[in-house]
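Student: Starting off with a structure, shown below.
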Amino acid sequence: MLTWRLFAIRLRLRTFLMRRAIYPGSFDPVTNGHLDIIERGCKLFDEIIVSILVHPEKQPFFTIEERREMLSEVLKQIDRGHCTVRVDSFQGLLVHYALAQQADAIVRGIRAISDYEYELQMALMNRRLEPSIETVFMMPAETYSYVSSRLVKEVFQLGGRLEGLVPQVVEERMKDKTPKR
Ligand code: PNS
């Protein structure tokens, strides 16, 4: 009986103390830079929800389902420590979604000063909309400071090598989706 009570108290304490973050983005496709940020985020948070924005007006390379599948697969391969990482998707305002998920923070990667202006605007707007949720900026390894999903797609479409920029499974899925040249 006592053991059960202690277990219930520990469980409640863990839930109460648990730090949960949302890592939102388009992830079209996930890059090694994204994975680097998730690994770093795992050192700070107990749980990270990698959340794909459903953007009805955009013409993506990969569908939401394909992006989900690739993320789930590559997340198994990274160093997560004791952190739980799961994949989800969302529509509408990020802060509404973050509140619904009972998240404490939003994680965003900043590669260069050029990212900062846009990210600062978003972080401040999100703070105005929902002051209880903090934005945490993280810097990826220098190796990935120039890697973006947009450039990855451009390089791929023009026949360039993607080695080291995206996980192998992503490159394979990109090739599978493209008619043979
Ligand atoms: O990977 P991306 O495309 O840079 O991610 C941008 C994202 C998904 C973080 C941003 O577009 C977003 O949060 N969209 C949800 C809509 C929203 O909340 N807009 C107000 C933010 S200031």
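Student: Could you tell me how many degrees, from 0 to 90 and to the nearest 10, lie between the Cα long axis of helix 32-41 and the main elongation axis, the longest principal axis, of the Cα atoms of the chain?
Tutor: Helix 32-41 and the main axis of the chain meet at about 10 degrees.
Student: I would also like to ask the following. With unit charges on the beta carbon (Lys/Arg positive, Asp/Glu negative), name the residue among LEU94, LEU17, LEU6 whose Cα is farthest towards the positive pole of the charge dipole of the chain.
Tutor: LEU6
Student: Give the long-range amide H neighbours of SER89: residues separated by 5 or more places, or on another chain, with amide H under 5 Å away, using H modelled in the peptide plane at 1.01 Å from N.
Tutor: ILE52
Student: With θ set to phi - 60° and the Karplus curve 6.51 cos²θ - 1.76 cosθ + 1.60, what are the ³J(HN,Hα) couplings of the range 149-165 in order, to the nearest whole Hz, using x for Gly and Pro?
Tutor: Once rounded to whole Hz, the list reads 4, 4, 5, 4, 5, 5, 4, 4, 5, 9, x, x, 7, 10, 3, x, 9.
Student: Helix 168-177: angle to the longest alpha-carbon principal axis of the chain, degrees 0 to 90, nearest 10?
Tutor: Long axis of 168-177 versus the principal axis of the chain: about 50 degrees.
Student: How large is ³J(HN,Hα) for each residue in the range 94-99, as worked out from phi by the Karplus curve 6.51 cos²θ - 1.76 cosθ + 1.60 (θ = phi - 60°), to whole Hz, x for Gly and Pro?
Tutor: 4, 5, 5, 5, 4, 5
Student: Among all the lysines, which ones have a C-alpha under 17 Å from LYS153's C-alpha, if same-chain residues fewer than 8 places away are not counted?
Tutor: The qualifying lysines are LYS58, LYS175, LYS177, LYS180.
Student: For the range 92-159, give the magnitude of the charge dipole about the Cα centre (Cβ charges: +1 Lys/Arg, -1 Asp/Glu; no others), in debye to the nearest 20. Could the numbers behind the result be given before it?
Tutor: Numbers: 6 positive and 8 negative charges, 31 e Å.
Computed charge dipole of the range 92-159: roughly 140 debye.
Student: Another one. Please list, ordered by chain and number, the residues whose modelled amide H lies under 5 Å from the amide H of VAL107; skip anything fewer than 5 residues away on the same chain.
Tutor: Sorted by chain and number, the residues that satisfy this are ILE22, TYR23, VAL136.
Bear in mind these aren't lab numbers, they're just calculated from the coordinates by the rules spelled out. In this text the structure is predicted, and so the values were computed from the model without any measurement. Heads up, the Cβs are rebuilt from the backbone with ideal geometry, glycines too, and the neighbour counts pull from every protein chain shown.
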